[in-house]
Amino acid sequence: MALKPCRECKKKVSTEAVTCPNCGVPNPTQKKPTVKPWSKVARLANDIDEENFASKSKNINNQKKDSTKSDTSWERFMDGTLDLKTAFWGYGFFGSIVIGIGCGVLVETVSNVFNIVYVISITVLIIGLWQCASNYKKIMSQKKQSELWGVLTQVYCVLGALGLANFIKDLL
């Protein structure tokens, strides 16, 4: 059994390892499969497959360690370990729209108490999104790749927090 660096995290891994025990990438000592440059869809599908495989293998490892804990996307979001695309679009963007519309309708039809629900919900989303962006920046820094999307997501969080502060000011 020989040890070679993982193609993603560069830590020493057995050449017989199915996944990297550190980052979860499949076949860590083999070169990344190449995709024809004209096929953006194939490249995207390949990236998604690798991410799904890596996250599934991490979940399987986590289940082996603690079979009583289920690792939902919400828990990964709040831990900051959910991938940035899903965190931003799923929770940060669309989640805030659903909460805003839902709470807005409920404020108009039921009670002003839902303004408090809105403030708490958006605060939780901003905190979770900030943590995912911080984790993304840390991972990209380790890989010596651009941290731009993490920084832009944190800018989005700051702007969201300023908008929320303005909403609270207007309520008072």
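The values are calculated or read from the model by the stated rules, or taken from the named source; none is laboratory data. Bear in mind that the values here come from a model prediction, so they are computed numbers and not experimental data. Note that each Cβ is placed from the backbone with ideal geometry, even for glycine, and that neighbours are counted across all protein chains shown.
Applying the selection to segment 97-146, what residues are free of Cβ contacts under 8 Å to residues at least 40 places away in the same chain, part of a helix (DSSP H, G or I), within 24 Å of THR81 (Cα to Cα) and among the small types (Gly, Ala, Ser)? Those that are free of Cβ contacts under 8 Å to residues at least 40 places away in the same chain, part of a helix (DSSP H, G or I), within 24 Å of THR81 (Cα to Cα) and among the small types (Gly, Ala, Ser): SER121, SER141. Assess whether GLY150 counts as being in a helix (DSSP H, G or I) and touching a Lys or Arg at 6+ places or on another chain (Cβ under 6 Å). Taking the combined requirement at face value, the residue satisfies it. Pairs linking a residue in segment 155-167 that is over 14 Å from ILE127 (Cβ atoms) to a residue that is surrounded by 13 or more Cβ atoms within 10 Å (Cβ to Cβ), with Cβ atoms under 9 Å and 6 or more positions apart or on different chains, are GLY163/ILE122; PHE167/ASN115; PHE167/TYR118; PHE167/VAL119; PHE167/ILE122. Just to be sure, is ILE139 modelled with pLDDT of 90 or more, more than 25 Å from GLY24 (Cα to Cα) and either assigned by TED's automatic domain parsing to the domain that holds GLU8 or among the β-branched types (Val, Ile, Thr) (or both)? When the stated conditions are applied, ILE139 does not pass them. With the requirement that a residue be charged (D, E, K, R) and either in contact (Cβ under 8 Å) with a residue 40 or more places away in the chain or touching a Leu at 6+ places or on another chain (Cβ under 9 Å) (or both), what does segment 11-20 give you? Of everything in segment 11-20, just one residue is charged (D, E, K, R) and either in contact (Cβ under 8 Å) with a residue 40 or more places away in the chain or touching a Leu at 6+ places or on another chain (Cβ under 9 Å) (or both), namely LYS12. Applying the criterion of being aliphatic (A, V, I, L, M) and closer than 9 Å to ALA133 by Cα to the residues of segment 79-93, the residue that is surrounded by the fewest Cβ atoms within 10 Å (Cβ to Cβ) is LEU84.
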